[in-house]
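Peer 1: Pasting a structure below so you can have a look.
Please treat every number below as a calculation from the coordinates, not as lab data. In this text, all values refer to a predicted model and were calculated from it rather than measured experimentally. Reconstructed Cβ throughout: ideal geometry from the backbone, glycine too, with neighbour counts over all protein chains shown.
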Amino acid sequence: MKVSYFPGCTLKNKAKDLDMYAYRSAEALGVTLEEIDEWQCCGGVFTSSASEVATKLSSVRALKATNDKGQPLVTVCSACHNVIKQTNYAMQNNPEFAAKVNRYMAADGGYNGETEVYHYLEMLRELVGFDALKEKVVNSLKGKKIAAYYGCLLLRPNKVMRMDDPENPSIMEDLICALGAEAVVYARRNECCGAYISVESPDAAKKNALAIIENARAAGAEMIVTACPLCKYNLEKCGADFPIVYFTELLAEALGVKEDTNGKQ
Amino acid sequence: MENNKYLREEIIRISNVNTKKCMKCGKCSATCPMYDEMEYHPHQFVGMVETGDIQPLLDSDSLYKCLSCFACVDRCPRGVEPAKVVEAVRLTAIRKQGANRMTANDVPAMIEEDTPQQLLVSAFRKYTK
Amino acid sequence: MQRVGVFVCWCGSNIAGTVDVQAVSEALKNEPGVVFSENYQYMCSQAGQDMIKNAVKEHNLTGIVVCSCSPRMHEATFRKTAAAAGLNPYMVEIANIREQCSWVHKDMITGTEKAIILGKAAVAKVNLNAPLTPGESPVTKRALVIGGGIAGIQTALDIADAGFPVDIVEKQPTIGGKMAQLDKTFPTLDCAACILTPKMVDASQNEKIRIFSYSEVTDVHGFVGNFDVTIRKKARFVKEDICTGCGACVEKCPMKKIPNEFNLGMDNRHAIYIPFAQAVPKVATIDANACNMLKNGKCGVCAKVCAAGAIDYTQKDEIIEEKYGAIVVATGYNPISMDKFDEYAYSQSKDVITSLEFERLTNAAGPSAGKLLRPSDGKHPHTIVFVQCVGSRCEACAEKGKEYCSKICCMYTAKHAMLTRDKYPDTEVYVFYIDVRTPGKNFDEFYRRAVEEYGVKYVKGMVGKVVPEGDKLKVQASDLISNKQLHIDADLVVLAAAIEPDKSARPLATMLTASMDTNDFFTEAHPKLRPVESPTAGVFLSGACQGPKDIPETVSQAGAAASKVIGLLCKDKLTGNPCVASSDELLCNGCSSCERVCPYGAISYLNKEFRMPDRTVKVRRVASVNPAVCQGCGACTVACPSGAMDLNGFKNNQIMAEVDAICKR
């Protein structure tokens, strides 16, 4: 199976691990990630106002490029996923916005929200299947107590994201269980890490992140997995000294592809 | 007063939020992770836009505290979408000439060894028109 | 040719304010058949009616047109007037020049013009009217009450009191419903069981009342006065007439880890069980899904210990067919699922409970024997947070919750908070509210007492998130009055879950052809003037199946429904509505279109012999309308492709004459 892949800015820089393990795991699962040519940064946050057009064009270009290839679009970073999925939703449901966008993009040809957008987790659930994934696990993570951290971007707004129950999600827990580990459920797994507020008010971000980690720790977790580089950054910066790991790393470990064929990590 | 009316209509148009749907339950502010950082809280954004009392919001740093985490949006029983109101007021503020809260020149100083690009990109999008 | 009299009503200034009534009566004088036309201040007054009666006599009128208010208001009045003057009452037509004319127009010119047109249409129709005679049907003098909660019990008791036999069908093994699960009742705080169980006993001992417990209505046919109902009495594997309710079987049953529905799963029951001590009927029931004997033939302990020999593992469901004159729906309510509100962590912590669970926790017969203990660790909670409106008052298009106010939550929460503070004064009690809605006798006083005398902390605001951490529930909430976000470490969180109609209501409504609203509450025939009747004749509504209600209101409505049933059952014969459909057998092609659209099941098909012109006999399938069931909606006349179906009083040619009169002008 071949899918189009939008890595996003951070995965090519500070979050290279997230990207690399995503590639290796996908390959082990029989999915080829085809990186979109000349993709541009999604902008990090989706501006909810429909009057903002230019900031959403990079997402539309990625969606259109994918549509031209007739593939689904897969993202790993929560932020890219959120921005692209919300943009796609606006293209489908807001004709005025779509018309404006298409005027900007006249030279590239039209696009009207046809592409199917999957987060890598959704790809695992819907295109691969957790049962099939389970069978490919070679290093079971048995005995590990892992807490999934969703943050806000994967789940909200639920009307658009449609990934899971926004108040009691289970997609990452299902993945953790499929890898053989024990999923630790805790209430703050869908609360915001502090996002970009750490630029201006690092203390406010720390407060949020600390509350999340303490909640996971109290529930018995030994580690937190996340899909988002910014979540990882904020959770690590809060001073809690708690292991924060990308879900793709865990996946690669369980699938036995954490190290490449040359034994390199 | 006229100015308030114009502003109100502008915010309603940009946000596409019907502030009249608010039943003043306060669940948005109950759920807001940045409540303590804010001078005006999510329910006040909705209420003050509804009454046209918008200038204090435009002048307030509260605009830049909203994380757009959308907890208020998903938990509002009336589907009001307070975060979109905050966003619309923020856009109205930063779209003014010279009102950018952050410039490209500010960025290099923010970069540390482990700063993810996503952080800078997001902040830049939030603080700059 | 008819001799038509036209009577134009001023309705004070209601009509005369925007319609030139003199011009209307003058204009209609020239219409075909009109021999008399007059206007008057109040046509419905005695003087107005006398004017009609005199005109009928003086001018030998055969048809009457009254230009007045909606026929819903006074059609019956003027029909009686006509009958008193010796006319067939169905020779009266009403032109609605108030609701559909004077009230919606602002200027006299358009108002008058439209009133004249409406009058002309009515004249055109009455010219084609024919006298109609309503049919009669007998009344089966027995009532069926579906649902055995307080609504059903009270309705049944009141009907039985008037001397009519009545059957209660209850799907649970015992009657009693939600009220049996409650601890105390507001605003007087009497114990729910103390006031309910005598009524349950009354019902079981009343010789006019039969109780079919563990039973469901599976089929309803017929019409007002003549319903044929099928009831499925589920096998309980215990002979009801032999079981003494001693409970020996329950004690010895080895399957004892079955979640106890009566305590909302907060403790366990056995596979053979009696829901609670005062159950009626007090007989055991075997849960077939849990019983080892029934599942794989291994056990049989209950049969061995039953001294009366009441256990019968071979018992089968029993089908009961019975005739009824009236049916009362009393199917009640349930709290909604908290699945979609997990920001309150209901699925994550045992110490986040619903208000109904709180009732069981404080009830002496509940899982903690009435001691208020945390479900997780059995410790006494010191800080309790009550959250109001969980799932109530949500936006119509929201994916979770209900649009309406559940009505009972403000009062029961005040009760819970007050009783907690009364019994455990060391407990801090918070109530988060959007509005406190306490209309009702002594209700607001009750709520104020909770605040002023018992020190319950009412906070205007909502809870946004509940985070279980360690042995605490971290509650994050807003206090809108002091403009603060509160963080409370609570031991117990109680959610006032919205209530919704019981799931059995919708299939039942389909069986009864009774209408429901978008929330699956049964619709009343008129929201103000006929609140306990369904629009479907012979079907009545009692309790929360019609809308959220507390106990006092439910009992009042139960009595009102009973009085309507008694009024119906007192009659020996029912007069039908003559404006029903009938099919011209010679035109009918047997296509079934009418049968498919009939919402009342009034149309069936007969194979009938017809003598053909060539003297041969041919059997044809033709539609036949049961006039007692037909409600005269006219759907069949529109659906009929061959023009065979017609509606008395609204014949196709009458409607066309009206349309012509309107279009001709």
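Peer 1: Out of everything in region C:451-484 that is at positive phi and surrounded by fewer than 21 Cβ atoms within 10 Å (Cβ to Cβ), what residue ends up being nearest to the other protein chains (Cβ to nearest Cβ)? Break it down into steps so the answer makes sense when it comes.
Peer 2: Of region C:451-484, the ones at positive phi are C:455, C:461, C:470, C:483.
Of the ones still in play, those that are also surrounded by fewer than 21 Cβ atoms within 10 Å (Cβ to Cβ) are C:455, C:470, C:483.
On the way: C:GLY455: 23, C:GLY470: 5, C:ASN483: 7 Å.
Checked region C:451-484; the qualifying residue nearest to the other protein chains (Cβ to nearest Cβ) is C:GLY470.
Peer 1: Starting from residues that are among the hydroxyl-bearing types (Ser, Thr, Tyr) and within 18 Å of C:TRP103 (Cα to Cα), keep the ones in region C:1-39 and report whichever is nearest to the chain's Cα centre (by Cα). First the steps, then the outcome.
Peer 2: Going residue by residue through region C:1-39, those that are among the hydroxyl-bearing types (Ser, Thr, Tyr) are C:13, C:18, C:25, C:37.
Now narrow it down to the ones that are within 18 Å of C:TRP103 (Cα to Cα): C:13, C:18.
Values: C:SER13: 38, C:THR18: 40 Å.
Result: C:SER13.
Peer 1: Considering only region A:101-131, how many residues are within 20 Å of A:ASP164 (Cα to Cα), hydrophobic (A, V, I, L, M, F, W, C) and not in a strand (DSSP E or B)?
Peer 2: Going through region A:101-131 one residue at a time, the tally reaches 6.
Peer 1: Check whether at least one residue in region A:9-23 is more than 14 Å from chain B (Cβ to nearest Cβ), outside any helix (DSSP H, G or I) and either farther than 30 Å from B:VAL17 by Cβ or not polar (S, T, N, Q) (or both), and report yes or no. Before you say what the answer is, go through the steps one by one.
Peer 2: Filtering region A:9-23 for residues more than 14 Å from chain B (Cβ to nearest Cβ) gives A:20-23.
Now narrow it down to the ones that are outside any helix (DSSP H, G or I): none.
No: region A:9-23 contains no residue that is more than 14 Å from chain B (Cβ to nearest Cβ), outside any helix (DSSP H, G or I) and either farther than 30 Å from B:VAL17 by Cβ or not polar (S, T, N, Q) (or both).
Peer 1: Could you pull out the residue among B:LEU63, B:LEU57, B:LEU67 that is within 11 Å of chain A (Cβ to nearest Cβ) and either surrounded by 17 or more Cβ atoms within 10 Å (Cβ to Cβ) or closer than 15 Å to A:GLU200 by Cβ (or both)? Even if it seems obvious, please write down each step before you answer.
Peer 2: Working: B:LEU63 fails: within 11 Å of chain A (Cβ to nearest Cβ); B:LEU57 fails: within 11 Å of chain A (Cβ to nearest Cβ).
Exactly one residue qualifies, and that residue is B:LEU67.
Peer 1: Can you name every residue in region B:102-118 that is assigned to a loop (DSSP other than H, G, I, E, B) and either more than 10 Å from every other protein chain (Cβ to nearest Cβ) or closer than 16 Å to A:THR10 by Cα (or both)? Quick ask: steps written out before the conclusion?
Peer 2: Residues of region B:102-118 that are assigned to a loop (DSSP other than H, G, I, E, B), as a first pass: B:102-103, B:111-116.
Scanning region B:102-118 gives B:THR103, B:ILE111, B:GLU112, B:GLU113, B:ASP114, B:THR115, B:PRO116.
Peer 1: Identify the single condition in (1) surrounded by fewer than 24 Cβ atoms within 10 Å (Cβ to Cβ); (2) over 12 Å from C:GLN485 (Cβ atoms); (3) more than 10 Å from chain C (Cβ to nearest Cβ) that B:GLU37 does not satisfy, given that it satisfies every other one.
Peer 2: Checking B:GLU37 against (1) surrounded by fewer than 24 Cβ atoms within 10 Å (Cβ to Cβ); (2) over 12 Å from C:GLN485 (Cβ atoms); (3) more than 10 Å from chain C (Cβ to nearest Cβ), the one that fails is (2).
Peer 1: If you check A:VAL83 against the conditions, is it aliphatic (A, V, I, L, M), assigned to a helix (DSSP H, G or I), over 30 Å from A:ASN139 (Cα atoms) and within 13 Å of another protein chain (Cβ to nearest Cβ)?
Peer 2: Numbers: aliphatic (A, V, I, L, M): yes; assigned to a helix (DSSP H, G or I): yes; over 30 Å from A:ASN139 (Cα atoms): yes; within 13 Å of another protein chain (Cβ to nearest Cβ): yes.
The answer is yes for A:VAL83.
Peer 1: Moving on to the next point. Output the number of the condition that A:GLU135 fails; it satisfies all remaining conditions of (1) surrounded by 16 or more Cβ atoms within 10 Å (Cβ to Cβ); (2) more than 11 Å from every other protein chain (Cβ to nearest Cβ); (3) more than 15 Å from the chain's Cα centre (by Cα).
Peer 2: Checking A:GLU135 against (1) surrounded by 16 or more Cβ atoms within 10 Å (Cβ to Cβ); (2) more than 11 Å from every other protein chain (Cβ to nearest Cβ); (3) more than 15 Å from the chain's Cα centre (by Cα), the one that fails is (1).
Peer 1: Please give the number of the condition C:TYR447 fails out of (1) surrounded by 21 or more Cβ atoms within 10 Å (Cβ to Cβ); (2) free of Cβ contacts under 8 Å to residues at least 60 places away in the same chain; (3) within 20 Å of C:PRO381 (Cβ to Cβ); (4) away from chain B (no Cβ under 14 Å).
Peer 2: Against the list (1) surrounded by 21 or more Cβ atoms within 10 Å (Cβ to Cβ); (2) free of Cβ contacts under 8 Å to residues at least 60 places away in the same chain; (3) within 20 Å of C:PRO381 (Cβ to Cβ); (4) away from chain B (no Cβ under 14 Å), C:TYR447 comes up short only on (3).
Peer 1: Taking only region B:100-117 into account, find how many residues are farther than 21 Å from A:ALA50 by Cα and under 15 Å from the mean Cα position of the chain (by Cα).
Peer 2: Filtering region B:100-117 for residues farther than 21 Å from A:ALA50 by Cα gives B:101-117.
Next, only the ones that are under 15 Å from the mean Cα position of the chain (by Cα) stay: B:101.
Selection size over region B:100-117: 1.
Peer 1: Picking from C:ASP584, C:ASP660, C:ASP614, C:ASP646, which residue would you name as being among the acidic types (Asp, Glu) and over 23 Å from C:ALA130 (Cα atoms)?
Peer 2: Details: C:ASP584 fails: over 23 Å from C:ALA130 (Cα atoms); C:ASP660 fails: over 23 Å from C:ALA130 (Cα atoms); C:ASP646 fails: over 23 Å from C:ALA130 (Cα atoms).
Being among the acidic types (Asp, Glu) and over 23 Å from C:ALA130 (Cα atoms) holds for just one of C:ASP584, C:ASP660, C:ASP614, C:ASP646, which is C:ASP614.
Peer 1: Please go through region B:40-54 and pick out each residue that is more than 30 Å from B:LEU120 (Cβ to Cβ), more than 8 Å from chain C (Cβ to nearest Cβ) and touching a Cys at 6+ places or on another chain (Cβ under 8 Å).
Peer 2: Of everything in region B:40-54, those that are more than 30 Å from B:LEU120 (Cβ to Cβ), more than 8 Å from chain C (Cβ to nearest Cβ) and touching a Cys at 6+ places or on another chain (Cβ under 8 Å) turn out to be B:VAL46, B:GLY47, B:GLU50.
Per-residue answers, yes or no, for (1) over 30 Å from B:TYR35 (Cα atoms); (2) in contact with a Ser or Thr (Cβ under 8 Å, 6 or more places away or on another chain):
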position: C:VAL429; (1), (2): no, yes
position: C:GLY440; (1), (2): yes, no
position: C:VAL459; (1), (2): no, no
position: C:PRO468; (1), (2): no, yes
position: C:LYS484; (1), (2): no, yes
position: C:LEU508; (1), (2): yes, yes
position: C:LEU529; (1), (2): yes, no
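Peer 1: Tell me, yes or no, whether region B:91-101 has at least one residue that is in a helix (DSSP H, G or I), out of contact with any Pro (no Cβ under 7 Å at 6 or more places or on another chain), within 7 Å of chain A (Cβ to nearest Cβ) and without any contact (Cβ under 8 Å) to a residue 60 or more places away in the chain.
Peer 2: Here is the first cut: in region B:91-101, the ones in a helix (DSSP H, G or I) are B:91-94.
Now narrow it down to the ones that are out of contact with any Pro (no Cβ under 7 Å at 6 or more places or on another chain): B:91-94.
Next cut, within 7 Å of chain A (Cβ to nearest Cβ) only: B:91.
Checking the rest, the ones that are also without any contact (Cβ under 8 Å) to a residue 60 or more places away in the chain come to none.
No, region B:91-101 has no match at all.
Peer 1: Does C:GLU216 qualify as being farther than 30 Å from C:TYR600 by Cβ and acidic (Asp, Glu)?
Peer 2: Values: farther than 30 Å from C:TYR600 by Cβ: no; acidic (Asp, Glu): yes.
Judged against the criteria, C:GLU216 is not a match.
Peer 1: Which condition breaks for A:CYS193 when tested against (1) within 11 Å of chain B (Cβ to nearest Cβ); (2) in a helix (DSSP H, G or I)?
Peer 2: Among (1) within 11 Å of chain B (Cβ to nearest Cβ); (2) in a helix (DSSP H, G or I), the lone unmet condition for A:CYS193 is (2).
Peer 1: How many residues are more than 18 Å from B:ARG78 (Cβ to Cβ), out of contact with any strand residue (DSSP E or B) (no Cβ under 8 Å at 6 or more places or on another chain) and assigned to a helix (DSSP H, G or I) if we restrict to region B:12-35? Give the steps one after another, and end with the answer.
Peer 2: Quick first cut of region B:12-35, residues more than 18 Å from B:ARG78 (Cβ to Cβ) only: B:13-14, B:33-35.
Filter once more, so that each one left must be out of contact with any strand residue (DSSP E or B) (no Cβ under 8 Å at 6 or more places or on another chain): B:13-14, B:33-34.
The next check asks that each one be assigned to a helix (DSSP H, G or I); those that pass are B:13-14.
Qualifying residue count, region B:12-35: 2.
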